[in-house]
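Here the structure is laid out as structure tokens; the discussion comes afterwards.
The values are calculated or read from the model by the stated rules, or taken from the named source; none is laboratory data. All figures in this text were calculated on a predicted structure; none of them were measured in a lab. All Cβ positions, even for glycine, are placed from backbone atoms using ideal geometry, and neighbour counts span all protein chains on display. Just the protein is used for accessible areas: all its heavy atoms, side chains included, with ligands, DNA and RNA removed. Shrake-Rupley method; radii C 1.70, N 1.55, O 1.52, S 1.80 Å.
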Amino acid sequence: MKQKKPHGGEFHHKHSLGQNFIEDEALLEQLAELSLVTQEDCVLEIGPGFGTLTKPLARRAKRVLALEIDEALLPILRVTLEHSNNATVLQGDVMKTRLAPLVSEAFGADASLRVAANLPYYITTDVLTKLLFELPQAKSIAVMIQKEVGDKLLSGPGDEGYGPLAILCQFYYDVRRALDVPAACFTPPPKVDSSFMVLVRREKPLCEPADESLFLKLVRAAFVMRRKTLVNNLVSGFSLGREEAASLLEEAGIRTQARAEELSIEALCMLSDRIAARRSAGA
Ligand code: SAM
């Protein structure tokens with residue numbers, strides 16, 4: 001599909017890059033407002049497109065760094081952002097960029113950092129996971145994503161879609177759905193509706209496992225085979241005997257037939273502490 005460029009001419013969207021743009025200025029102002037950005041904050045924006053969200057973000061922020069993969073958008077961004085002196089555009093693939101050095105070089109090591117984006121949907125999970133681990137100092141991550149991925153981020157035990165992404169997001173962030181945005185608000189309209197989700201970093205994670213990296217390993221291992229019982233996933237993920245795995249579950253107050261999708265984050269935390277204790281007793 002072709003779209004008029006902000007300053008004349010036509011732009012051919014690349015579906016493969018998730019190019020669904022927003023032009024409605026009132027909506028863009030609202031998204032920038034919901035992104036919690038203040039004059040104190042430096043903002044990393046992923047995928048500025050025409051720069052329509054970059055502009056209201058730059059009006060609110062100290063500085064904005066926008067990372068865009070598509071070279072064809074750079075000359076357009078130069079024009080759209082010519083009066084946004086505190087906004088810088090960099091060409092690059094977010095998935096191939098080391099974000100920690102990027103933001104510390106751009107903003108300084110102690111900057112108050114926030115992330116905002118109308119994300120390309122084909123990499124939502126990977127980008128969120130990357131942000132979570134590479135930019136723990138980010139005070140918030142405000143992202144437009146598919147509505148059903150938004151549901152997933154808010155899901156709990158027993159819900160469809162409850163899994164490592166929801167657990168990791170909720171463990172580190174207070175996750176809120178700030179706004180539902182219908183497909184018709186985008187050019188071209190995607191096949192699905194979207195939600196603008198705002199993740200605010202918690203001062204401390206939701207629970208405090210004795211060994212955080214073991215907890216993270218457990219979250220991944222527990223869901224490797226979703227349909228299998230937790231015992232099976234523990235046996236393969238932690239090289240345990242079946243009886244040992246079952247006794248760890250009992251110690252953590254979890255049914256031995258339980259599946260990972262039934263467990264709250266707190267229960268997973270408790271189980272990770274039992275595994276850590278067993279390991280140090282055996283060491
Ligand atoms: N922010 C603009 C808006 O709201 O109108 C554009 C949003 S559009 C959904 C996603 C943007 O991300 C596009 O500009 C696309 O070229 C860019 N993009 C896609 N993959 C990317 C990647 N791997 N790294 C950086 N930018 C990417």
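Taken together, the residues in region 62-72 that are away from the ligand (no atom under 15 Å from the Cβ) and assigned to a strand (DSSP E or B) amount to 1. A single entry from LEU135, LEU168 fulfils the requirement of being of a type in the set (A, V, I, L, M), touching a residue at least 40 places away in the same chain (Cβ under 8 Å) and open to solvent by less than 10 Å² (accessible area, probe 1.4 Å): LEU135. Of all residues in region 17-40, none that is at pLDDT 95 or above has its Cβ atom under 6 Å from the Cβ atom of a residue that is within 12 Å of the ligand (Cβ to nearest atom) and open to solvent by 50 Å² or more (accessible area, probe 1.4 Å), 6 or more apart or on another chain. One residue stands out among those in region 108-117 that are closer than 19 Å to THR54 by Cα and open to solvent by 10 Å² or more (accessible area, probe 1.4 Å): the one that is nearest to the ligand (Cβ to nearest atom), which is ARG114. Under the condition of being under 17 Å from PRO164 (Cβ atoms) and surrounded by fewer than 17 Cβ atoms within 10 Å (Cβ to Cβ), the residues counted in region 259-283 number 3. Going by the conditions given, is ALA183 in contact with a Pro (Cβ under 6 Å, 6 or more places away or on another chain) and among the small types (Gly, Ala, Ser)? Against the criterion (in contact with a Pro (Cβ under 6 Å, 6 or more places away or on another chain) and among the small types (Gly, Ala, Ser)), ALA183 qualifies.
With the requirement that a residue be surrounded by fewer than 20 Cβ atoms within 10 Å (Cβ to Cβ) and touching a strand residue (DSSP E or B) at 6+ places or on another chain (Cβ under 7 Å), what does region 153-165 give you? Scanning region 153-165 gives a single hit, LEU154.
Listed here are the residues, each with its yes/no results for (1) within 25 Å of VAL192 (Cα to Cα); (2) open to solvent by 50 Å² or more (accessible area, probe 1.4 Å); (3) more than 14 Å from the ligand (Cβ to nearest atom); (4) in contact with a Cys (Cβ under 8 Å, 6 or more places away or on another chain).
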site	(1), (2), (3), (4)
LEU74	no, no, no, no
ALA100	no, no, yes, no
ALA106	no, no, yes, yes
LEU119	yes, no, no, no
ASP126	yes, yes, no, no
ALA142	yes, no, no, no
ILE145	yes, no, no, no
ASP151	yes, yes, yes, no
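Counting the residues of region 177-194 that are within 28 Å of GLU10 (Cα to Cα) and assigned to a strand (DSSP E or B) gives 4.
Table: residues versus (1) among the aliphatic types (A, V, I, L, M); (2) in a helix (DSSP H, G or I); (3) on the phi > 0 side of the Ramachandran plot.
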position	(1), (2), (3)
LEU218	yes, yes, no
LEU234	yes, yes, no
GLU244	no, yes, no
LEU249	yes, yes, no
ALA258	yes, no, no
ALA267	yes, yes, no
SER280	no, yes, no
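Give me the pairs: first residue in region 72-98 and closer than 16 Å to PRO120 by Cα, second residue loosely packed, with under 11 Cβ neighbours inside 10 Å, beta-carbon distance under 8 Å, and six or more apart or on different chains, which are they? These pairs meet every condition: GLN91/GLU71.
Taking the criterion of being more than 22 Å from the chain's Cα centre (by Cα), farther than 26 Å from LEU154 by Cβ and either without any contact (Cβ under 8 Å) to a residue 24 or more places away in the chain or within 16 Å of the ligand (Cβ to nearest atom) (or both), would at least one residue in region 208-226 satisfy it? No - not one qualifying residue is present in region 208-226.
Taken over region 17-61, the criterion of being open to solvent by 10 Å² or more (accessible area, probe 1.4 Å), of a type in the set (Ser, Thr, Tyr) and within 10 Å of the ligand (Cβ to nearest atom) is satisfied by THR52 alone.
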